[in-house]
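As structure tokens, the structure follows; a few thoughts come after it.
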């Protein structure tokens, strides 16, 4: 009986030791799994950012921005909500008879403007249309002619809709270095996107250097 009791006691101690080992190893395994998942997620995020061109070097040049005739709609508020206004505008330009939109946007406010006060003009170029087509569409949508100007120019590759956020975060700081060096305050910022049904390979960026704020008064007063 004593031997049997000793054997049971030994087995009990063994079980306690095993449970103790398991309780020690389980948190370590959980930590290793968590670290592996975090590392995998980081690789995916970095890979996606690389795919979007996040590590690319932005080239800024000086050139001429041509005159552009547009029909437009308005968006007031945060840039992240622009897609809602673009969806609404799509219905408007289709109802006006425009079959395709060569899209661009004019951003009227400087960095630091509160989100609720931001003013954006979303637009379709109509330069390539016939006179009759222009008149028909302009009778239903407001129009404006962006004046020709010397400008800072740049571009950023379009990969998917996330490029509309990554691109500006890369281009505008590069623009700002040029503007600060020359003590220039541009009247607006303009981005071109290509066809709405088939976006261009590159998002175009321009900041007019010769135009004045008053040249864009009609757009500002529209708000």
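At each listed q (0.17 Å⁻¹), what is the log10 of I(q)/I(0) that the Debye formula gives for region 124-222 modelled as equal alpha-carbon point scatterers?
-0.95
Tell me, what is the percent relative contact order of region 61-221, built from C-alpha pairs under 8 Å that lie six or more residues apart?
32
How big is the gap, in Å, between the Cα center of region 51-107 and the Cα center of region 180-223?
Their Cα centres are 10 Å away from one another.
How do 75, 83 rank when sorted from fewest to most other Cβ atoms within 10 Å of their own Cβ?
Sorted ascending by nearby Cβ count, the order is 83, 75.
Run the quick spin-label model on residue 116 and residue 169: label points 7 Å from Cα toward the beta carbon, then report their separation in nm to one decimal.
2.6
Roughly speaking, what is the stretch gain from residue 109 to residue 127, that is 0.36 nm per residue apart minus the C-alpha to C-alpha distance, in nm to one decimal?
Net length gain for the segment: 3.9 nm.
Can you compute the modelled spin-label distance between residue 99 and residue 202, with each label point 7 Å from Cα toward Cβ, in nm?
2.8
Cα gyration tensor of region 48-207, axes a ≥ b ≥ c as square roots of the eigenvalues: rounded (a/c below 1.5), prolate (a/b > b/c) or oblate?
Judged from the Cα gyration tensor, region 48-207 comes out prolate (a/c at least 1.5, a/b above b/c).
Counting other C-beta atoms within 10 Å, which of 68, 196 has the fewest, and how do the rest follow?
Lowest to highest Cβ neighbour count: 196, 68.
Could you tell me the calculated FRET efficiency between residue 58 and residue 81, based on Cβ-Cβ distance and R0 = 25 angstrom, to the nearest 0.05?
Computed FRET efficiency for residue 58 and residue 81: 0.45.
So if R0 is 30 Å, what FRET efficiency would residue 212 and residue 160 give, r being the distance between their Cβ atoms, rounded to the nearest 0.05?
Rounded to the nearest 0.05, the efficiency is 0.25.
For the residues 65, 28, what sequence is obtained by ranking on other C-beta atoms within 10 Å, fewest first?
The most exposed by this proxy come first: 28, 65.
Read the figures in this text as sums done on the coordinates, not as results from a lab. As the structure is a computational prediction, the values presented were derived from the model and not from experiment. Heads up, the Cβs are rebuilt from the backbone with ideal geometry, glycines too, and the neighbour counts pull from every protein chain shown.
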